[in-house]
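Encoded as structure tokens, the structure appears first; notes follow it.
The values are calculated or read from the model by the stated rules, or taken from the named source; none is laboratory data. Since the structure is predicted, the reported quantities are computational estimates derived from the model, not experimental observations. Every residue, glycine among them, receives a Cβ derived from its backbone with ideal geometry; neighbour counts consider all protein chains shown.
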Amino acid sequence: MLRIENLSKRYGEIVAVDGISLDVEPDAMVALTGPSGSGKSTLLHLVGAIERADGGSVTVDDVEVTALKRGRLAAYRQRIGFVFQRYHLLPPLTALDNVVVPTLPYRVGYDRASRARELLDAVGLAGREKALPSELSGGQQQRVAIARALMVEPKLLLADEPTGNLDSKTGQQIMDLLVTLRKDRGMTILLATHEQHVASRCDRLIRLSDGRITDDVDLRDGEDPATTLARVSQIRL
Ligand SMILES: Nc1ncnc2c1ncn2[C@@H]1O[C@H](COP(=O)(O)OP(=O)(O)OP(=O)(O)O)[C@@H](O)[C@H]1O
Ligand SMILES: [Mg+2]
């Protein structure tokens, strides 16, 4: 699904991503962890083609993203779901319009409003379509942001600390939602997090330090959630 080879990105003297290679299976849910400044966000931005790499390659479903020219790159970006820590909703727009808005520049073969309504229903916000972001809790706003990311039916969902602004109970609910959505729809999810309870819900944990992978741990071995959490607790996130 996703193959990263010898990927690098620098900002002046700072090497944010330093020769990362990584293969991710279809429909895997991967936690990217590591200290602040270790390159998690940069890696997500490179995979989502929000930023350009200096070297190496990102290949998604046999398309080498790092080699795409501008027009094809825009088409690629349109098919990726992105969820941010601070939701990035547009304050004057209703929940429904926030979900619809990213698809407005494009011609689509479906009814935008009805798809947005279905998605708001899927994230547990049926009945709140007309609410403004200011009228929603942090967890509800993140649900809107997730629904928005799903409008394009992404095969790849990139989430940068999706629970970072939420209390732990709300964060757990958002993780429940991502786990369910992944199961129902089939999606590969790459998410950056500092939180053990979030990382322990994923199938795989990758820890970065100074732009390199220091740990790559398989978490799918049928053990119970408490054991996985205990195991993740041994890794310094
Ligand atoms: N636009 C930018 N300009 C200059 N330096 C940047 C830029 N973006 C990131 N960096 C630097 O690249 C390195 C990696 O940053 P990145 O944001 O990827 O870290 P992170 O792991 O996401 O950290 P955090 O956990 O704090 O979100 C840091 O040293 C950061 O200061
Ligand atoms: Mg970050």
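Scanning the stretch 144-199 for residues that are within 16 Å of ligand 1 (Cβ to nearest atom), part of a strand (DSSP E or B) and not charged (D, E, K, R) gives 158, 159, 190, 191, 192. If the condition is being more than 18 Å from the chain's Cα centre (by Cα) and not charged (D, E, K, R), then the stretch 51-73 contributes 53, 55, 56, 57, 63, 66, 67, 68, 71, 73.
Per this entry, residue 89 is not counted among residues that are in contact (Cβ under 8 Å) with a residue 24 or more places away in the chain, away from ligand 2 (no atom under 16 Å from the Cβ), part of a helix (DSSP H, G or I) and buried (at least 19 other Cβ atoms within 10 Å of the Cβ).
Which residues, counting only those in the stretch 165-193, are surrounded by fewer than 16 Cβ atoms within 10 Å (Cβ to Cβ) and either of a type in the set (Lys, Arg) or within 16 Å of ligand 2 (Cβ to nearest atom) (or both)? Hits for the stretch 165-193 are 169, 183, 185.
Candidates are the residues of the stretch 149-164 that are over 22 Å from residue 61 (Cβ atoms) and surrounded by 21 or more Cβ atoms within 10 Å (Cβ to Cβ); the one that is farthest from the chain's Cα centre (by Cα) is 163.
Checked against (1) more than 30 Å from residue 129 (Cα to Cα); (2) surrounded by 14 or more Cβ atoms within 10 Å (Cβ to Cβ); (3) acidic (Asp, Glu); (4) at pLDDT 95 or above, residue 51 meets all criteria but (4).
If the condition is being within 12 Å of ligand 1 (Cβ to nearest atom) and of a type in the set (Gly, Ala, Ser), then the stretch 200-225 contributes 209, 211.
Scanning the stretch 197-213 for residues that are of a type outside the set (Gly, Ala, Ser) and buried (at least 21 other Cβ atoms within 10 Å of the Cβ) returns 198, 201, 202, 205, 206, 207, 208. Scanning the stretch 37-60 for residues that are assigned to a strand (DSSP E or B) and of a type in the set (Ser, Thr, Tyr) yields 57, 59. Tallying residues that are assigned to a loop (DSSP other than H, G, I, E, B) and charged (D, E, K, R) within the stretch 1-36 yields 3.
Matching residues to (1) of a type in the set (Ser, Thr, Tyr); (2) surrounded by 21 or more Cβ atoms within 10 Å (Cβ to Cβ); (3) more than 13 Å from ligand 2 (Cβ to nearest atom):
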position: 16; (1), (2), (3): no, yes, no
position: 20; (1), (2), (3): no, yes, yes
position: 27; (1), (2), (3): no, no, yes
position: 38; (1), (2), (3): yes, yes, no
position: 55; (1), (2), (3): no, no, yes
position: 72; (1), (2), (3): no, no, yes
position: 79; (1), (2), (3): no, no, yes
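Within the stretch 160-194, the set of residues being free of Cβ contacts under 8 Å to residues at least 24 places away in the same chain and among the hydroxyl-bearing types (Ser, Thr, Tyr) comprises 180 only. Taken together, 75, 95 contain a single residue that is at pLDDT below 95, more than 16 Å from ligand 1 (Cβ to nearest atom) and not β-branched (Val, Ile, Thr), which is 75.
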